[in-house]
Amino acid sequence: DIPIHLSTQANTTNQLTANFWFKQGIERIVLARELSLKDIKIISSSCHPESSLFCHSEAAAKESRHQPHPANFQLPTTSYHLESFVHGAMCMAYSGRCQISNYMIGRDPNRGACIQPCRFKYKMYAVEEEMRKDEFFPIYEDDQGTYIFNSKDLCMIRHIPELIEAGVQSFKIEGRLKSIYYVAMVTRAYRQAIDLFFDDPKKYEAKKEDLFEELQKTANRDFTTGFYFSTPNQDTNNYDRSKSIAHWGFIGLVKNYDKSKKQAIIEVKNQLNTNQEVEIITPTEIIKYDLKKIHHNDQIVEVVHANYIIAIDIDQELPINSFLRIKIK
């Protein structure tokens with residue numbers, strides 16, 4: 001009775017493979033990252049009863065029939081679930097089948113323990129392909145090495161309608177080695193995008209650039225749309241740096257709200273000073289807050305550090321687990 005989902009590492013790239021797995025009882029397939037939207041639509045279309053490739057998953061069909069949709073929008077009729085990556089770090093290996101981490105230190109990427117060695121700095125002195133003797137692949141590097149395996153991060157927040165029209169029913173976010181702040185902010189953005197689209201596509205179109213700007217405030221290596229619209233080219237990789245860069249930093253988590261004192265109780269995650277530009281992120285809004293005073297152990301202080309429990313004065317009651325972030329100069 002346990003639903004079975006198929007990993008992207010199974011390398012499902014066409015409708016024949018998809019239908020094979022569904023006939024084995026798979027309820028959801030995480031598609032290969034190498035697929036375009038056109039490829040996904042072909043796989044999705046094979047779900048229709050009139051298709052000779054059709055196979056039926058009753059649980060998925062039941063859920064699909066109850067999906068909300070905007071007026072006049074034709075949601076693909078599918079009888080099983082297709083899931084696809086929409087955001088996050090891109091593996092440099094085909095369908096994520098990389099074994100460099102395993103080879104280096106025994107941490108298995110297939111079990112979620114990848115150390116992401118594709119982000120490391122490498123010194124390379126010659127690259128020659130077996131069938132092209134004496135033809136050397138040029139490697140450009142700076143004083144710190146080169147980042148030839150270092151893909152930009154995937155981001156499809158601007159293309160929610162295209163994903164849904166192609167038949168993607170579940171959006172997958174790559175969140176390994178990421179903070180709770182990163183996962184929360186990215187999930188929040190895509191949840192809002194999906195809800196806006198199904199409520200009214202015009203609302204989504206009006207808001208999508210704001211949502212994209214929110215994602216830019218999370219740590220990233222610049223963004224790409226991967227394989228969805230075309231084959232990746234020289235602009236898909238980030239050759240300048242391997243580390244994710246963020247202009248805003250996670251600074252605290254709301255643990256409680258004291259209505260009598262009108263104070264939010266905050267668990268501090270990084271150094272926090274007074275007179276900093278702070279934003280408070282709740283599930284529904286972003287509040288700009290001018291931090292003038294920090295309460296700690298019944299004293300007013302100017303600086304606090306990770307793991308401190310503090311209070312800040314704010315009239316608005318904040319939901320528990322709301323995030324605080326500061327702009328990094």
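The values are calculated or read from the model by the stated rules, or taken from the named source; none is laboratory data. Values in this document were obtained by computation on a predicted structure and should not be read as measured data. Methodologically, a virtual Cβ is constructed for each residue, glycine included, from the backbone with ideal geometry; neighbour enumeration extends over all protein chains shown.
A few points about this structure:
- Tally of residues being touching a residue at least 24 places away in the same chain (Cβ under 8 Å), part of a strand (DSSP E or B), charged (D, E, K, R) and out of contact with any Leu (no Cβ under 9 Å at 6 or more places or on another chain) across segment 266-313: 1
- ALA184 meets the stated requirement of being modelled with pLDDT of 70 or more and among the aliphatic types (A, V, I, L, M).
- Residues located in segment 287-325, provided they are more than 32 Å from the chain's Cα centre (by Cα) and at negative phi: LYS292, LYS293, ILE294, HIS295, HIS296, GLN299, ILE300, VAL301, GLU302, VAL303, ASP313, ASP315
- Test: residue in segment 89-100 that is small (Gly, Ala, Ser), in a loop (DSSP other than H, G, I, E, B) and modelled with pLDDT of 65 or more: yes
- Residue within segment 268-279 that is farther than 20 Å from ALA184 by Cα, in contact with a His (Cβ under 6 Å, 6 or more places away or on another chain) and surrounded by fewer than 19 Cβ atoms within 10 Å (Cβ to Cβ) present: yes
- Residues that are in a helix (DSSP H, G or I) and over 12 Å from ILE160 (Cα atoms) within segment 179-201 comprise ILE180, TYR181, TYR182, VAL183, ALA184, MET185, VAL186, THR187, ARG188, ASP199, listed in sequence order.
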